[in-house]
Amino acid sequence: MKEREHFGSRRAVIYAMAGSAIGLGNIWRFPYMVGEHGGAVFVISYIVATLLISLPVFIAEVTLGRRSRTSAFGAMSAMDPRHKKRWRWVGLMSVFIPLFILCYYSVIGGWSLYYLFKSFAFDFVKSSPEAVEGLFGSFITSVWMPILMHLLFLATCVWIVARGVKSGIERFSRLTIPALFVLIILLIVYSLSLPGASAGVEYLFRPERGDLNVKTFVYAMGQSFFSLSLGMGAIVTYGSYIKSDENLVVSSAGTAIFDLLFALLAGLAIMPAVFAAGIEPGAGPGLIFQSVPFIFSSMGVKWPVLSAIVSILFFLAIIVAAMTSVISLVEVGVAFLHERFGMKRPRASLLVFLACGAVGVVCSLSFGPLSGIQLVGKNIFDLFDWFASNVLLLLMAFTVVVFVGFVMKKKDVWDEITNGGRKKLNDRLFGVIYFLIKWVAPISVLAIFITNFIL
Ligand code: TRP
């Protein structure tokens, strides 16, 4: 058997995991979740959930991956061969969930692509700040354009996976992720200078008393799992590529903090513009596509060329960030079809494209012709997003921590986390991490999950 590939260095590990983590979750999903769930209260819940629950789940996932040295599908069976059957179901779920997410994630990828084309055409610069909002409404309610963009985006990603030129994109993303950082900081500076911006900052960071509830926390936890790519084996698989002398705690904490910071920066760039433009913060999935063009349009009044360049770079960077995440989603399905059914990669890729493309079309139409189909006030797209991050990811994350806490031997976990005692992680720190994985994470996930359903 071929020896498993390894990431070269700690930097490479963090970059690869951050590449999967940083995506539309930070830039698109986080701000709109903040807007729908009460601003600062959500932001605080999100930070608490990330540090107290997601980080232990993250460490548990890389531990499981590196210990079993296999991808998510087989990791649990490998660690507990006596109950192979049971864990196989969990493994199957971890293949199914990414494909489920892919269907609607790609629709948003398509929207970004459309906005890139619009930036090239100088459309935001040419229209007045008031008019750009209307642009979005007529785009998503139309039938063909969003579908075309979704399929184009998905086809590109699938093609990249099929051709095996993934590493090229990943190398490319090492350039664009830092660029996105710089661009977001630029946008923050500009966004803060807009009249009325301070209301946005207050909205993000000053909690109103009395509106913390379990629902906010469930959504915050779901957002945190989604953003860190947890709860479906992506991180387990990455864990299996980490060298045995690498410090898992440092790599995990590094990725989590990087990702958290990125979300907060995106919020800080977008929320002030939302308030300056007079957009309703709870506007839903379209939030960044309404507020960001407003920034470019008002910037364009004074500096048209600069504004167009920044908007092109911005949407390009978002697309690349989204692509690296989507590639990690597609890869799970393709690798599974290839390994289990011996399907050739191009054929497996085509299958993933057809299945997820078709379901994605339905998600896309749910903003237009199918918007009448609703359940508890959510359209099909919202239901997909809700079901994935507030149900599936939570259940899977719960299973992983319970597995690492109760099924794996404590000695094995200790071995991985301290690298066989070679990393001078003092015993107390290991005790804390283990306690978080074994008790705090599963109990809080379960308690919050159940309370949410009862209330
Ligand atoms: N984390 C990515 C984002 O924030 C999306 C993503 C990629 C993902 N792989 C995942 C989400 C695995 C859940 C599970 O955009």
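The values are calculated or read from the model by the stated rules, or taken from the named source; none is laboratory data. Small disclaimer: the values here were computed from a predicted structure and weren't measured. All Cβ positions, even for glycine, are placed from backbone atoms using ideal geometry, and neighbour counts span all protein chains on display. Protein only, heavy atoms only, side chains kept; ligands, DNA and RNA dropped before computing areas. Shrake-Rupley method; radii C 1.70, N 1.55, O 1.52, S 1.80 Å.
Scanning the stretch 196-250 for residues that are at pLDDT below 85 and on the phi > 0 side of the Ramachandran plot, which turns out farthest from the ligand (Cβ to nearest atom)?
Only one residue fits best here, namely G210.
Going by the conditions given, is L383 closer than 28 Å to V143 by Cα, open to solvent by 10 Å² or more (accessible area, probe 1.4 Å) and assigned to a helix (DSSP H, G or I)?
yes
Out of A317, A269, A277, I need the residue that is more than 20 Å from the chain's Cα centre (by Cα) and open to solvent by less than 30 Å² (accessible area, probe 1.4 Å). Which one?
Selected residue: A277, the only one of A317, A269, A277 that is more than 20 Å from the chain's Cα centre (by Cα) and open to solvent by less than 30 Å² (accessible area, probe 1.4 Å).
Name the one entry in D427, D385 that is of a type in the set (D, E) and within 30 Å of G282 (Cβ to Cβ).
Of D427, D385, the one residue that is of a type in the set (D, E) and within 30 Å of G282 (Cβ to Cβ) is D385.
From the set of residues in the stretch 43-58 that are away from the ligand (no atom under 16 Å from the Cβ) and open to solvent by less than 10 Å² (accessible area, probe 1.4 Å), which is farthest from F398 (Cα to Cα)?
V43
On the given criteria, is L99 assigned to a helix (DSSP H, G or I), open to solvent by 30 Å² or more (accessible area, probe 1.4 Å) and within 13 Å of the ligand (Cβ to nearest atom)?
yes
Within the stretch 295-323, how many residues are in contact (Cβ under 8 Å) with a residue 24 or more places away in the chain and within 30 Å of S20 (Cβ to Cβ)?
Result for the stretch 295-323: 16.
Among the residues that make up the stretch 401-408, is at least one of them within 28 Å of M93 (Cβ to Cβ) and assigned to a loop (DSSP other than H, G, I, E, B)?
So far as the stretch 401-408 goes, yes, one or more of its residues are within 28 Å of M93 (Cβ to Cβ) and assigned to a loop (DSSP other than H, G, I, E, B).
Only one of F172, F153 is among the aromatic types (F, W, Y), modelled with pLDDT of 85 or more and under 30 Å from P346 (Cβ atoms); which?
When all the criteria are applied, what remains is F153.
Of the numbered conditions (1) surrounded by 20 or more Cβ atoms within 10 Å (Cβ to Cβ); (2) among the β-branched types (V, I, T); (3) away from the ligand (no atom under 16 Å from the Cβ), V334 fails exactly one; give the number of that condition.
Every condition holds for V334 apart from (3).
Among the residues of the stretch 20-42, write down those that are open to solvent by less than 10 Å² (accessible area, probe 1.4 Å) and modelled with pLDDT under 90.
Listed by number, the list holds a single entry, S20.
Any idea how many residues of the stretch 368-415 are more than 16 Å from the ligand (Cβ to nearest atom) and not aromatic (F, W, Y)?
26
Which residue pairs have Cβ atoms closer than 7 Å, lie 6 or more positions apart in sequence or on different chains, and pair a first residue in the stretch 225-245 that is more than 17 Å from L92 (Cα to Cα) and open to solvent by 10 Å² or more (accessible area, probe 1.4 Å) with a second residue that is more than 10 Å from the ligand (Cβ to nearest atom) and acidic (D, E)?
Filtered contacts from the stretch 225-245: Y241/E5.
Look through the stretch 59-78, keep the residues that are open to solvent by less than 50 Å² (accessible area, probe 1.4 Å) and either in contact with a strand residue (DSSP E or B) (Cβ under 7 Å, 6 or more places away or on another chain) or of a type in the set (A, V, I, L, M, F, W, C) (or both), and return whichever of them is nearest to T237 (Cα to Cα).
This residue is A72.
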